[in-house]
Amino acid sequence: MNALSDEVLQAAQALARGELIGLPTETVYGLAADALNPTAVNAIFQAKGRPANHPLIVHLADASLVPVFASEVPAFAQRLMTACWPGPLTLIVKRHPGVADAAAGGHATIALRCPSHPVAQAVLRAALSLGVQGVAAPSANVFGSVSPTTAAHVRESFPDLLVLDGGACDVGIESTIVDCSRDVPVLLRPGMLSVSQLSAASGVNVLNAFEASAIKTPAAPGTLASHYAPRARVRLMTIEQIRSHLHTAKLPIALWSRTSVYSLEPQALPDGLLQFQMPSDAAQCAHDLFAQLRTMDALGVQEIWVETPPLGEAWEGVRDRLQRAAA
Ligand code: TXA
Ligand code: MG
């Protein structure tokens with residue numbers, strides 16, 4: 001047995017004993033526990049410092065486990081699972097009363113997702129063979145701070161945790177969440193799957209939260225305006241705003257921009273401007289985002305300036321995370 005499969009087995013055994021582990025997924029790392037063990041689930045809330053009414057996502061080895069948790073799966077939700085699982089998509093569905101109460105934070109619905117990361121898949125399968133039917137896992141960071149995209153990030157927050165190292169997360173921002181618990185699907189959290197992709201896959205129009213507010217769909221509990229925030233103050237600005245504010249800025253400042261800041265000669269740039277190149281590709285930008293925020297925060301600057309992402313659907317997930325980091 002090689003080293004990783006040994007660790008996978010250990011992780012699965014830890015889950016079956018009701019312990020927490022750090023689990024790599026294709027989106028971000030999760031702080032994982034047996035979703036049907038209320039003591040283990042409560043330990044997640046404790047460790048994260050997260051309010052117990054903020055529901056968790058339950059991770060499944062495959063879609064055959066959905067009926068364990070869900071009481072009702074509309075046809076459009078079924079089509080989303082078929083098209084997008086395993087992958088970075090979470091579906092909110094109606095829940096069997098009494099099943100996974102703690103993970104659901106008292107809500108009548110449950111969030112389900114089947115991750116594609118090979119290590120996540122291996123752990124979920126090994127845990128299933130030990131009787132663990134679903135694994136509750138929020139992002140493995142302290143409540144409100146930047147989500148982890150490497151095993152080292154997780155260890156920074158939880159030094160004593162058993163963390164499986166699955167490398168840097170491919171996607172880099174959390175899964176897209178679609179509420180499938182009512183008549184129409186509603187996007188609750190943007191991610192790397194766009195509304196048009198989701199509408200095509202589900203065969204019906206997926207509404208965004210703004211459209212849904214018109215039909216009185218409550219927002220996702222726990223999607224607070226301020227979230228994913230580093231210690232330094234994050235400011236989102238256009239390149240013109242950056243250029244004009246730079247003269248009066250209190251340096252040092254970390255800057256993440258796609259466009260070159262200055263029309264000036266490089267020697268005219270202020271010394272305390274610590275520049276980083278922001279990818280011009282949305283998927284690459286999502287992949288880098290949280291690690292980049294951590295890197296800039298670690299410089300000890302008071303402010304992190306980020307160039308506003310471009311318009312367009314591909315950037316929606318990145319835009320959402322940056323707006324929350326800046327709120
Ligand atoms: O990519 C991801 O989704 C990562 C990885 C680890 O899978 N997990 C993650 O979990 O981002 P967390 O706990 O950080 O975010 C879960 C989000 C919260 O905004 C929560 O409000 C929402 O899912 N959620 C969970 N259950 C819900 C429910 N029953 N109804 C509405 N929203 C729900
Ligand atoms: Mg989170």
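The values are calculated or read from the model by the stated rules, or taken from the named source; none is laboratory data. Quick caveat: nothing in here was measured; it's all calculated off a predicted structure. For neighbour counting, all protein chains shown are included, and Cβ atoms are generated from backbone atoms with ideal geometry for every residue, glycine included. In case anyone asks, the SASA skips ligands and DNA or RNA and just uses the protein heavy atoms, side chains included. Shrake-Rupley method; radii C 1.70, N 1.55, O 1.52, S 1.80 Å.
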Practice problem: Within segment 155-200, track down each residue that is more than 16 Å from ligand 2 (Cβ to nearest atom), in contact with a Ser or Thr (Cβ under 6 Å, 6 or more places away or on another chain) and aliphatic (A, V, I, L, M). | Solution: ALA168, VAL186, LEU193
Quiz item: over 26 Å from VAL171 (Cα atoms) and touching a residue at least 40 places away in the same chain (Cβ under 8 Å): does that describe PRO230?
Solution: no
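Yes or no: segment 164-172 includes at least one residue that is in contact with a strand residue (DSSP E or B) (Cβ under 6 Å, 6 or more places away or on another chain) and assigned by TED's automatic domain parsing to the domain that holds HIS107. Spell out how you get there, then give the answer.
Start the filter on segment 164-172 by keeping residues that are in contact with a strand residue (DSSP E or B) (Cβ under 6 Å, 6 or more places away or on another chain), which leaves none.
Taking every residue of segment 164-172 in turn, none turns out to be in contact with a strand residue (DSSP E or B) (Cβ under 6 Å, 6 or more places away or on another chain) and assigned by TED's automatic domain parsing to the domain that holds HIS107.
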Practice problem: Being within 14 Å of ligand 1 (Cβ to nearest atom), surrounded by 14 or more Cβ atoms within 10 Å (Cβ to Cβ) and not small (Gly, Ala, Ser) is the filter here, so list the residues in segment 47-65 that pass it. | Solution: LYS48, ARG50, HIS54, PRO55, LEU56, ILE57, VAL58, HIS59, LEU60
Quiz prompt | Residue list for segment 296-310, restricted to those being among the hydrophobic types (A, V, I, L, M, F, W, C) and either touching a Pro at 6+ places or on another chain (Cβ under 9 Å) or open to solvent by 10 Å² or more (accessible area, probe 1.4 Å) (or both) | solution = MET296, ALA298, LEU299, VAL301, ILE304
Practice problem: Kindly provide the set of residues from segment 121-142 that are small (Gly, Ala, Ser) and either within 8 Å of ligand 1 (Cβ to nearest atom) or part of a loop (DSSP other than H, G, I, E, B) (or both), ordered by number. | Solution: GLY131, GLY134, ALA137, SER139, ALA140
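Does GLN10 fit the bill of being open to solvent by 70 Å² or more (accessible area, probe 1.4 Å) and over 24 Å from GLY98 (Cβ atoms)?
Numbers: open to solvent by 70 Å² or more (accessible area, probe 1.4 Å): yes; over 24 Å from GLY98 (Cβ atoms): yes.
Answer is yes for this residue.
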Quiz item: In segment 143-166, how many are within 15 Å of ligand 1 (Cβ to nearest atom) and loosely packed, with under 15 Cβ neighbours inside 10 Å?
Solution: 1
